[in-house]
Amino acid sequence: MKNPVIAASGTFGFGREYSEFIDLNRIGGISVKGLTLKPRKGNPPPRIAETPGGILNSVGLQNPGVEAFVKNEIPFLRKYDTAIIANIAGNTIDDYCEMAEILSDADIDAVELNVSCPNVKSGGVAFGNNICGITEITSSVKKHCKKPLIVKLTPNVTDIKEIAKAAEAAGADALSLINTILGMAIDIKTRRPVLANNFGGLSGPAVKPIAVRMVYETANAVKIPVIGMGGITDGNDAIEFMLAGASAVMVGTANFTNPTACVDVVKGIEKYLEDNNYSGLKDVIGKVALN
């Protein structure tokens, strides 16, 4: 990529809406809205709730399906000089493998594996919640994927380092983290959950300290590149993740409050390098000095 800033999956659609506000050529890549094998309507509303410092979402992967993405969205995205990353999700390993095969023959640059989805064959436990699950799904999809495979890790685990090492050993080419943190909001007047699905994924500035810590731990546990995300709103946030060991960053929730967020982060990184007389990101990545 020409720069290390990627629009995070689920916050940027397929880039069409944001192309009216920013030049998509200015960002390093776009991780498109999470794709499933067949079209999906998502969860019933309400499925978004604002929280202090972020949002809860239970959108439920509403999307047109992988075939529609290949046919209708890739030609639009290819008008721009930006990497296309296809984020895929499913309820069975067969779903993931079939999508990986379809996308291997498509004009994209990488596949991002969303392992936070419930494995229906294992009682609904998320694929990425344990070593066995992450190993099985990563190794299976890798056999069908001709593109670089990025595994997106869930933070809802006991030890992120062990999950990261398992994904690396199973064939992941890179890791991205963190995905959303499971949360809940309750309307005290109705005494019912705000979200129709009861629970949702928390994202935004509130999760940043957790994300930075997990990126640091992961980057020091694996040898493959790490992409950091979680509450990045400006260039300084991005630099913080890079000091922790991230080679690139994803900007997500900030896009909802500031449609130029991705480009602003690019500019902020460039300014930081210039102000500190650094020759490039190699002077920043992993350079945190612990106390």
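The values are calculated or read from the model by the stated rules, or taken from the named source; none is laboratory data. Keep in mind the model is a prediction, meaning the values are calculated, not measured. Methodologically, a virtual Cβ is constructed for each residue, glycine included, from the backbone with ideal geometry; neighbour enumeration extends over all protein chains shown. The protein model used for the area step is the full one, side chains on, heavy atoms only, and it has no ligands, DNA or RNA in it. Shrake-Rupley method; radii C 1.70, N 1.55, O 1.52, S 1.80 Å.
Some points to look at:
- Residues in segment 94-105 that are farther than 14 Å from residue 167 by Cβ and either among the basic types (Lys, Arg) or open to solvent by less than 10 Å² (accessible area, probe 1.4 Å) (or both): 99, 100, 103.
- Residue check for residue 249: modelled with pLDDT of 95 or more, part of a helix (DSSP H, G or I) and either of a type in the set (Lys, Arg) or buried (at least 17 other Cβ atoms within 10 Å of the Cβ) (or both): no
- Of the criteria (1) surrounded by 17 or more Cβ atoms within 10 Å (Cβ to Cβ); (2) closer than 25 Å to residue 57 by Cα, which one residue 285 fails: (2)
- Test for residue 33: is it open to solvent by 70 Å² or more (accessible area, probe 1.4 Å) and modelled with pLDDT of 95 or more: no
- Beta carbons closer than 7 Å, at least 6 apart along the sequence or on distinct chains, pair a first residue in segment 198-213 that is on the phi < 0 side of the Ramachandran plot with a second that is of a type in the set (D, E, K, R) and open to solvent by 70 Å² or more (accessible area, probe 1.4 Å) for 212/240.
- Cross-chain or 6+ apart pairs with Cβ under 7 Å, segment 161-177 first and under 13 Å from residue 128 (Cβ atoms) and acidic (Asp, Glu), then open to solvent by 50 Å² or more (accessible area, probe 1.4 Å) and modelled with pLDDT of 95 or more: 162/131
- Long-range neighbours under 9 Å by Cβ, at least six apart or interchain, first residue over 19 Å from residue 1 (Cβ atoms) within segment 269-287, second aliphatic (A, V, I, L, M): 276/284; 287/242; 287/243
- Search result, residues across segment 178-197 that are touching a residue at least 40 places away in the same chain (Cβ under 8 Å), within 19 Å of residue 240 (Cβ to Cβ) and aliphatic (A, V, I, L, M): 178
- Filter result (open to solvent by 20 Å² or more (accessible area, probe 1.4 Å) and aliphatic (A, V, I, L, M)) within segment 200-246: 202, 206, 210, 212, 219, 221, 224, 243
- Residue in segment 223-239 that is free of Cβ contacts under 8 Å to residues at least 40 places away in the same chain and under 25 Å from residue 108 (Cβ atoms) present: yes
- Checklist (1) farther than 20 Å from residue 3 by Cβ; (2) surrounded by fewer than 23 Cβ atoms within 10 Å (Cβ to Cβ) applied to residue 114, failing item: (2)
- Counted residues, segment 68-89 - those being of a type outside the set (Lys, Arg) and surrounded by fewer than 15 Cβ atoms within 10 Å (Cβ to Cβ): 5
- Residues of segment 15-32 classified as in a loop (DSSP other than H, G, I, E, B) and touching a Pro at 6+ places or on another chain (Cβ under 9 Å), total: 4
- Within segment 172-194, the only residue that satisfies the criterion of being more than 28 Å from residue 220 (Cα to Cα) and either among the small types (Gly, Ala, Ser) or in contact with a Ser or Thr (Cβ under 8 Å, 6 or more places away or on another chain) (or both) is 185.
- Considering residues of segment 262-280 that are in contact with a Leu (Cβ under 9 Å, 6 or more places away or on another chain) and surrounded by fewer than 19 Cβ atoms within 10 Å (Cβ to Cβ) only, the residue nearest to residue 239 (Cα to Cα): 273
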